[in-house]
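Down below is the structure, laid out as structure tokens.
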Amino acid sequence: MSHPDFPVRSAPVTRHRVHPDIDEVMIDKVVETFYEKIRNDAQLGPIFNSRIEGRWPEHLTKMKDFWSSLMLTTGRYKGRPMQVHMQMGEVKPEDFTRWLELFRANAHEVCAQDIADLFISRAEKVATSFQLCMFYKDRIAAGDAFKSGEITGN
Ligand code: HEM
């Protein structure tokens, strides 16, 4: 039961931007230009194109939501990215090396240096956690918890 003198929230929710110059227009551009490079890449293009064929507009919208959630804390992305990537048995560690190479190059092309570095450090963190689950989950102490579903990676 609520009490009129006892507000549920004492302060409005604050939306924290990691940098004041980052906005949806910039995120749009980073995502569009990055996946243009991915689609045309000899190593990664076939992996992405075969899985996403016919659904590229939806994928790009989802990725904009994901980056908007990360960089503008809008909470627009609601998925379970770890689980999605763990199902991609054909993906190898060297594919992450290439993914990050393209991501870094693209961020530097599209954004100012300090902003590019912010995008890149977040991408590197996510790429590391995906790789830990994809390639090392059986070798770390939490292995059994992963298998039993106790840890979902999200
Ligand atoms: C070699 C590395 C990677 C490959 C091959 C890859 C591939 C893919 C593919 C094919 C999809 C579409 C899945 C589908 O809809 O069927 C996808 C989705 C996604 N990827 Fe990656 N990815 C890689 C790395 C990353 C990294 C480093 C990030 C984050 C920084 C990322 C974030 C996402 C997200 C958020 C989704 C949407 C998942 C969902 O909610 O459906 N990916 N990825």
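Structure notes:
- Counting neighbouring Cβ atoms within 10 Å and putting the fewest first, the residues Y35, Y77, Y136 line up as Y136, Y77, Y35.
- Positive minus negative residues near E94 (Lys, Arg vs Asp, Glu; Cβ under 15 Å): -2
- Relative to the current alpha-carbon distance between K125 and E58, full extension at 0.36 nm per residue lengthens the span by 21.7 nm.
- Lysines whose Cα lies under 17 Å from that of K62, excluding same-chain neighbours fewer than 8 positions away: K29, K78
- Each of D21, D95 was scored by other Cβ atoms within 10 Å of its Cβ. Arranged with the fewest first, they read D21, D95.
- Leading residue at positive end of dipole, region 24-136 (Cβ point charges), from V25, Y77, T61: Y77
- Summing charges over neighbours of N49, with a neighbour being any other residue whose Cβ is under 12 Å away from its Cβ, gives +1 when K and R count +1 and D and E count -1.
- As a proxy for reagent exposure, W99, W67, W56 were ordered by neighbouring Cβ count within 10 angstrom, fewest first; the result is W56, W99, W67.
- Extension reserve of the K78-D23 stretch, reckoned as 0.36 nm per residue once the Cα distance is removed: 17.9 nm
- Proximal charge balance of A116 [Cβ under 13 Å; K/R count +1, D/E count -1]: -2
No lab work stands behind these numbers, since they all come straight from the coordinates. Predicted, not measured: the structure shown is a model, and the values here were computed from it. A quick note on method: Cβ atoms are made from the backbone with ideal geometry, for glycine too, and the neighbour counts reach across all protein chains shown.
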